[in-house]
1. Which condition breaks for residue 264 when tested against (1) more than 18 Å from the chain's Cα centre (by Cα); (2) touching a residue at least 12 places away in the same chain (Cβ under 8 Å)?
2. Which one of the conditions (1) assigned to a strand (DSSP E or B); (2) without any contact (Cβ under 8 Å) to a residue 40 or more places away in the chain does residue 201 fail to meet, given that it meets all the rest?
3. Only one residue in 185, 155 is within 30 Å of residue 314 (Cβ to Cβ), touching a strand residue (DSSP E or B) at 6+ places or on another chain (Cβ under 9 Å) and surrounded by 14 or more Cβ atoms within 10 Å (Cβ to Cβ), so which one is that?
4. Given the condition in the same structural domain as residue 263 (by TED's automatic domain parsing) and in a loop (DSSP other than H, G, I, E, B), answer yes or no: does some residue in the range 137-154 qualify?
5. Within the range 158-182, can you find the residues that are surrounded by 19 or more Cβ atoms within 10 Å (Cβ to Cβ) and either modelled with pLDDT under 90 or within 17 Å of the chain's Cα centre (by Cα) (or both)?
6. Among the candidates 34, 64, 54, single out the residue that is surrounded by fewer than 24 Cβ atoms within 10 Å (Cβ to Cβ), modelled with pLDDT of 90 or more and not assigned by TED's automatic domain parsing to the domain that holds residue 261.
7. Given the conditions (1) surrounded by 13 or more Cβ atoms within 10 Å (Cβ to Cβ); (2) modelled with pLDDT of 95 or more; (3) over 21 Å from residue 355 (Cβ atoms), which single one is not true for residue 101?
8. Looking at (1) more than 24 Å from residue 143 (Cα to Cα); (2) assigned to a helix (DSSP H, G or I), which is the one condition that is false for residue 46?
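The values are calculated or read from the model by the stated rules, or taken from the named source; none is laboratory data. Computed from a predicted model, the values in this text were never measured in an experiment. Cβ atoms come from the backbone with ideal geometry, glycine included; neighbour counts cover every protein chain shown.
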C-alpha cells in the first residue's frame with residue numbers, strides 16, 4: 001500500500017491545504033497518517049477526517065526575546081526523536097509538509113530516514129520553519145510567482161494552493177437560510193482567521209449601526225470572541241467558527257472582509273468574491289500577510305486596509321468606507337479575479353507526490 005505522512009500545524013492555514021489533498025489521496029488508495037502537535041488546532045481538524053493522528057513535542061523559534069526560547073529547543077529536539085521513531089514505524093513513501101514549527105522535526109527526521117519530502121510554502125516569503133526545512137526537501141511548492149526567487153531553483157515549483165473542493169459547492173439560498181437572512185440586502189462576511197481578530201471584530205461591531213442600514217453581516221469572530229449583547233441585532237449573526245456550513249455562507253456573501261493569510265485569500269480568489277484584506281501588522285507578525293495583500297492589491301483583486309496606517313486610521317469609519325467602495329465597484333474586482341490563472345493545485349501537487357515518491 002502507498003503511504004504518506006502529512007504534517008503542519010499551529011494555525012488553520014497550515015492544515016487546510018492538507019485537508020484539500022485528502023479526498024484525492026483517499027480515492028487513489030493511499031494510507032494517510034498525520035504528525036502534528038499535541039495541542040494545536042490541527043489535531044481536531046484532522047481527527048474529524050478519520051485520519052490516524054500522531055502528536056509530537058514541538059516548540060517555536062522566536063525572533064524576539066522570550067524565556068521559552070531557552071526551553072523550546074529541547075522540545076524541538078524531543079520532537080525530532082519522536083518523529084524519527086514514528087517514521088520508522090509508519091514507513092511512509094513520502095512526507096508532505098505544510099509548514100509550522102511542528103513540521104520541522106518531521107522533515108528533519110525524514111531526511112535521516114531517507115524519506116523524500118515535499119514542502120508547500122503559502123506566503124510570498126518563506127517562514128522560519130520552512131527556511132529550516134527547505135534544505136531537507138526534495139521539492140518546494142509555492143503560491144506566488146514572487147516566492148520563486150527565495151527558493152532553490154532545482155527544487156521550486158509554482159503550484160498554487162490546494163483548495164478544498166467543498167468550498168466551491170456552496171449554495172447562496174442555503175447560506176442565507178443558515179444565517180436567517182431574507183434575500184433583500186447584500187451580505188458582508190467577516191473572517192478574522194482561525195484564532196479571530198480582536199481589532200477587526202471591534203471595528204466591525206462599532207460600524208454595525210451604519211452598515212446594517214444597507215447590508216447584512218455574517219461575522220466569524222473566533223473562539224471566545226462572541227458578543228452576547230449583539231445576539232438579537234437584526235441583520236447581524238455571529239459565529240466563533242464554522243465548518244460544514246462555511247461553503248454556503250461564502251456563497252451568500254457579496255463582500256468579504258478577511259485577514260490576508262495566504263490560504264484564505266487563495267480561497268477567496270477561487271470563489272471570485274469582492275473583498276477587503278486587513279493583514280496582520282508588523283507588530284504582530286513577520287510581515288507575510290502585508291506582502292500577500294500587496295500582491296493581491298497590485299493585481300487588482302483586493303481593497304487593502306492597514307491597522308497601523310497613520311494616514312487612514314483603522315476603525316469603523318475605514319471599514320464603512322471600504323465596504324461601500326468595494327460593493328460599488330464589485331464588478332471591477334470580479335473581472336480582475338476572473339483573469340487570474342487558476343491552476344488545479346490539488347492535481348499538480350498530487351502528480352508531484354507520485355513522481356517524487358515513485359508510487
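1. Single failed check for residue 264: (1).
2. Failing condition for residue 201: (1).
3. After applying the criteria, what remains is 185.
4. no
5. 159, 160, 161, 162, 163, 164
6. 54
7. So residue 101 meets the others, but not (2).
8. It is condition (1) that residue 46 fails.
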